[in-house]
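**Q** Got a structure for you, questions after.
Just so it is clear, none of the values below were taken in a lab; they were calculated from the coordinates. Note that this is a predicted model, so its numbers are computed, not measured. As a convention, Cβ positions derive from the backbone with ideal geometry for all residues, glycine included, and neighbour counts pool all protein chains shown.
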């Protein structure tokens, strides 16, 4: 009888199983498109949560002007390189170590729902995803809003919308993701960056200063 | 030797195979979310391309006011019912038969690209999709722009962005699609609609008049 009750509890527990916030695999290679009203970009990236390193190679347009950008963010070392291949020059900036955020659904996120993108009627026709939302306190006392869709299996990012007062709604779509890093050298700055000096007096870089580099 | 050449041609042909415009299965049941700057809705729908019938059950907000809508579009009969369950009343309007468009990628669409939403690194982690774009001439001589993502396998709609001068960009996401109709009676108007009369003098209804019904 006791075994039966235990089995029943386990069964009910499994049936009641709702999706849980999750963290993506630590090594990812993939592509993304980022867009808001003024800004539109396509980027290839390498993401290493173990070494806290990200490499972005981006093409896009800002206020109808096209740009290219190659940025290497080494959070553990606290530096960011913005690489100009044409001129073979590098801009080296400080980066706040604590600004590294692993790709994850934070534990305090709320579940909006689980859906199948496409169809479950045939193989390869659909993708089971969970959509989460939440807020993040800003340093200025405000609150940024976000909504993220990750796959149920593998905790792979699919899309994110993020709202800040500075940027408005920014929609990011992730695709062609491979678990792993296809070229570990992507996390080394190119040789011609070796002479680059950090401007110690300048403010530390962050996502917005990448945008600023585009504008300038 | 001739067989070898033939096999080589076949192999190369297969490798060079690009996605082709396609038409979705004729019977679909699913859900969708539709959003533009002012408008935000969630709808369940039944779609029958054989009988040219669509049933929409929609909830949403327009300019921050919530609404509910139940519409039955019978293109072959040329009528649309807007059903009010609370008052048990129906509005019956004319519908242009030629306004039925099957869910498909038109033959003159251009391929933007093929990507995997999510990842191909594990089972259930990704969805192979094709994104197409094109223009559609409007009756007033203008051109509407659209971009659509359909699954490679099964030709299932995933998302569509459609631009008209009237609506701006409208983003539609499709999900929880099942091939088939789970309840064929969804295409019958409810009993209390039997007395409804078509206003023959009024203009024929279309997608925008559904929106107009919401506003009123």
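**Q** With a ≥ b ≥ c the root eigenvalues of the C-alpha gyration tensor of the protein assembly as shown, is it rounded (a/c under 1.5), prolate (a/b larger than b/c) or oblate?
**A** prolate
**Q** Give me a single rounded figure for A:122-131: the average over its residues of other chain Cβ atoms within 10 Å of their Cβ.
**A** 6
**Q** Here's a follow-up. Fewest Cβ neighbours within 10 Å first, please rank B:200, A:58 accordingly.
**A** Ranked by crowding around the Cβ, least crowded first: B:200, A:58.
**Q** Let me ask something else about it. Using the 10 angstrom Cβ neighbour count as an exposure proxy, how do A:144, A:182, A:48 rank, fewest first?
**A** Placing the least packed residue first, the sequence is A:182, A:144, A:48.
**Q** Let me ask another. Need one value for A:156-167: mean number of C-beta atoms belonging to other chains within 10 Å of its residues' C-beta atoms.
**A** The mean count of partner-chain Cβ atoms within 10 Å per residue comes to 2.
**Q** Shifting gears a bit: Which order do the peptides B:19-27, A:68-76 take when ranked by the mean count of other beta-carbon atoms within 10 Å per residue, highest first?
**A** Top of the packing list down: A:68-76, B:19-27.
**Q** In whole angstrom, note down how far apart the Cα centers of the range A:114-189 and the range A:78-107 are.
**A** 20 Å
**Q** Let me ask another. Scan chain A for the residue whose Cβ is closest to the axis carrying it onto chain B, then write down that distance in whole angstrom.
**A** Reported as residue, whole Å: A:127, 2.
**Q** Here is a further query. Need one number: nm distance between label points at residue A:191 and residue B:65, each 7 Å from Cα along Cα→Cβ, rounded to one decimal.
**A** 6.9 nm
**Q** Now a separate question. Residue by residue through A:107-114, how many Cβ atoms from other chains fall within 10 Å of the Cβ on average?
**A** 1
**Q** Most exposed first by the Cβ proxy, i.e. fewest other Cβ within 10 Å, how do B:77, A:98, B:104 rank?
**A** With the fewest neighbours first, B:77, A:98, B:104 line up as A:98, B:77, B:104.
**Q** I need the inter-copy label distances for residue A:199: point set 7 Å along Cα to C-beta, values in nm with one decimal, smallest first.
**A** 6.5
**Q** Shortest first and in nm with one decimal, please list how far the residue B:18 label point sits from its counterparts in the other copies (point 7 Å along Cα→Cβ).
**A** Its label point is 4.7 nm from the equivalent points in the other copies.
**Q** Modelled label-to-label distance, residue B:96 and residue B:144, 7 Å Cα→beta-carbon offset: nm?
**A** Once both label points are built, they end up 1.0 nm from each other.
**Q** Moving to a separate point now. Relative to the longest principal Cα axis of chain B, at what angle does helix B:2-15 sit, 0 to 90 degrees, rounded to 10?
**A** Orientation of helix B:2-15: about 40 degrees from the principal axis.
**Q** Then there is this: For a test of the definition: using alpha carbon positions, the gyration tensor, and the 1.5 limit on a/c, classify the range A:27-215 as rounded, prolate or oblate.
**A** It is prolate, given that a/c is not under 1.5 and a/b is the larger ratio.
**Q** Then there is this: At residue A:38, label 7 Å along Cα→Cβ: distances to the other copies, nm, ascending?
**A** 2.5
**Q** Please identify, among B:33, B:61, B:119, the residue showing maximal mean-square fluctuation in a Gaussian network model of chain B using a 10 angstrom Cα cutoff.
**A** In this elastic network of chain B, the residue with the biggest mean-square fluctuation among B:33, B:61, B:119 is B:119.
**Q** Now for a different question. Binning every alpha carbon pair distance of the range B:139-194 at 5 Å from zero, what are the percents per bin?
**A** Taking every Cα pair in the range B:139-194, the percentages come to 4, 14, 16, 13, 13, 15, 16, 9, 1.
**Q** PRE reach from residue A:114 (point 7 Å along Cα→Cβ): which of the range A:124-138 fall under 15 Å by backbone N?
**A** The answer is A:127-132.
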